[in-house]
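What follows is one structure encoded as structure tokens, with my remarks underneath.
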Amino acid sequence: MPPSTAFSSSANSSANTSWQQRSRRHVWHPCTQSIRLEAVPPLPIARGEGVWLLDHNGRRYLDATSSWWVNIFGHAHPAINAALKDQLDAFSHVMLAGCTHAPAVELAERLSALTGHALGHCFYASDGASAVEIALKMSFHAWRNAGRGGKQNFVALRHGYHGETLGALHVTDVPVFRDAYAPLLANAHLVASPDARAARQGEDALDVARRAAAELETLLAERHASIAAVIVEPLVQCATGMAMHDPEYLRLARALCDRYEVHLIADEIAVGCGRTGTFFACEQAGIWPDFLCLSKGISGGYLPLALVMTRDVIYEGFVDDDVARSFLHSHSYTGNALACRAALATLDLFEREDALRRNRGRAERLIGRLREGLQGMPVDHLRQRGMITAFDVREPGARFAERFHLAARANGLLMRPIGSTVYLMPPYVIGDDEIDRLVDGTLATLRSVTEPTHAEGVRDAALA
């Protein structure tokens, strides 16, 4: 067993350094400028406990971002651990082409029930970008099966993010991810984001939502014959800086898609599984999409899992003797039994711990403490939707996200701002004392990085 598993010897600090050096030599880190790895070495994690991550020296870091928004019930949760150990004793994986198994069936059944069976069928994938690509392919293929093969285009919101594979980049509008690959991509139609921060004088979030929907209506009225689907991130556009919008936009988008015979795709990869205060974000608008994408939190942050839920009428359009009318998309780990079992254990925790109700109290404490602590500080647009809380820093200076990340580490927090947006998205098991430590650490970090002496002219490329 490697020496990094111990926490008491004087060699632990050197173990941290060793893992950092080995990682730089051999691991290509995601969403990272490799040239910055010397200045910002990766944080070596040895184990996790609830909301805490521990390095090889035993130093604790509060996981304020749920490890990229996935670990919703904390690290090493005993109930999910036990479910996975039980599944390992049965089997870990079997191909879902020609076979089936209880975890995949039961998960699809339970998720469908959570939609009131509005979305009756579930197609499994491995990650969020794959789920988006599946939804795009399904939409186009469904229209082709219906004799409307001219509906080949998609509509996305400006500044939206739906993943970084080529198909998902087709509907992503974040330049740092998209621009380098623009020659490889088809262009989607882009329409206004309903981001409430875009409110003009005298407007509120509802006005912005209606104004953005009016732009969508203009496009659909002109181009609906060639448009297959509109894709949205319901309530919060996360990767663009936690841009939040009024649920009215979803109601209007649903009505417009119905009127102009266009599918609605809800990308709930980041905002599903209770993040916005309801299990599905779409619930707050009282609508269901034609396709709903889930990933991240669905497995509790344990194993890669994604899925696309869709209406039975769309599924039935693929049931045909003609193989060309069938949806043959696949990957080897589709419906992995371990991942599905982790997801079932995660759904159990929602029920057993009454998580959505308890999260309301956690969110109120978090926003209340922040509202008080941020008084007089150089920030704007303090906002919250469920367990997502964010604010924007004025005049952040060069490499703000990187500097904030390092300063947060010094304060015992794992945080990664998105540009000048600081966000908090902690696991649902966070307690009152830990909320207070999170807020106090965030405020201390903000004070330490908002001094007026910053270098100019360096592009801030640290993200999410």
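Using C-alpha positions alone, give me the convex hull volume of region 104-189 per residue in cubic angstrom.
118
I'd like to know how the chain sits against the 2.2 N^0.38 Å rule of thumb: what's its Cα Rg over that expected value?
0.99
Any chance you could give the angle, 0 to 90 degrees and rounded to 10, that helix 128-145 forms with the longest Cα principal axis of the chain?
Relative to the chain, helix 128-145 is tipped by roughly 10 degrees.
Helix-only mean residue ellipticity at 222 nm, the chain, DSSP H runs n ≥ 4 weighted -39,500 (n - 2.57), per residue, nearest 500. What is it?
Taken over the chain, the calculation gives -11500 deg cm²/dmol.
So what is the accessible area of the chain per residue, in Å², with the probe set to 1.4 Å? Before the final figure, lay out each step's value.
Working: 20070 Å² over 464 residues.
For the chain, the solvent-accessible area averages 43 Å² per residue.
Of the listed peptides 328-341, 181-194, what is their order by residue-averaged count of other C-beta atoms within 10 Å, with the highest listed first?
328-341, 181-194
Given the options Leu443, Ala39, Ser126, identify the residue whose Cα lies farthest towards the positive end of the charge dipole of the chain (+1 on Cβ of Lys, Arg; -1 on Cβ of Asp, Glu).
Ala39
Give me the dipole magnitude in Debye, nearest 20, for region 285-349 about the Cα centre, with unit charges on the beta carbon: positive for Lys and Arg, negative for Asp and Glu.
Dipole magnitude for region 285-349 comes out near 400 debye.
Quick check for me: using +1 on Lys/Arg Cβ and -1 on Asp/Glu Cβ, what's the dipole size of region 335-455 about its Cα centre, in debye to the nearest 20? Each step should come with its number before you reach the end.
On the way: 18 positive and 16 negative charges, 40 e Å.
Dipole of region 335-455, to the nearest 20 debye: 200 debye.
Can you divide the C-alpha Rg of region 182-318 by 2.2 N^0.38 Å and report the result to two decimal places?
Its radius of gyration relative to the 2.2 N^0.38 Å reference: 1.08.
What is the helix-to-structure angle for 78-90, meaning the angle in degrees between its Cα long axis and the longest Cα principal axis of the chain, kept from 0 to 90 and rounded to the nearest 10?
For helix 78-90, the angle is close to 60 degrees.
Of the heavy-atom accessible surface of region 232-324 (probe 1.4 angstrom), what whole percent is carbon and sulfur?
The computed percentage sits at 50.
Can you give the relative contact order of the chain as a percent, counting alpha carbon pairs under 8 Å and 6+ residues apart?
Result for the chain is 19 percent.
Tell me the angle of helix 337-352 to the major Cα principal axis of the chain, expressed in degrees between 0 and 90 and rounded to the nearest ten.
Compared with the principal axis, the helix lies near 80 degrees.
Evaluate the Debye formula for region 43-159 with equal point scatterers sitting on the alpha carbons, no solvent, and hand back log10 of I(q)/I(0) at q = 0.11, 0.19 Å⁻¹, in q order, two decimals.
Listed by q, the Debye log ratios stand at -0.65, -1.22.
Label points 7 Å out from Cα along the Cβ direction at Ala214 and Glu316: separation in nm?
Those two pseudo-labels are separated by 3.9 nm.
Determine which lysines satisfy two conditions relative to Lys137: a Cα distance under 19 Å, and not lying fewer than 8 residues away in the same chain.
The reachable lysines, counting only those whose Cα sits under 19 Å from Lys137, are Lys151.
Which order, highest average first, do 113-119, 293-299, 210-216, 276-282 follow once you tally other Cβ atoms within 10 Å for each residue and take the mean per peptide?
Values: 113-119: 15.1, 293-299: 27.7, 210-216: 18.3, 276-282: 22.9.
The most tightly packed comes first, giving 293-299, 276-282, 210-216, 113-119.
Would you tally the net charge around Ala188, using a Cβ to Cβ cut-off of less than 12 Å, leaving Ala188 out, and scoring K and R as +1, D and E as -1?
+2
Which value in nm describes the separation of the simple spin-label points at Ala199 and Trp28, placed 7 Å from the Cα toward the beta carbon?
Each label point lies 7 Å from its Cα, and together they span 4.5 nm.
The values are calculated or read from the model by the stated rules, or taken from the named source; none is laboratory data. Keep in mind the model is a prediction, meaning the values are calculated, not measured. All Cβ positions, glycine included, derive from the backbone under ideal geometry; neighbour counts span all protein chains shown. Note: areas computed on protein heavy atoms with side chains; ligands, DNA, RNA excluded. Shrake-Rupley method; radii C 1.70, N 1.55, O 1.52, S 1.80 Å.
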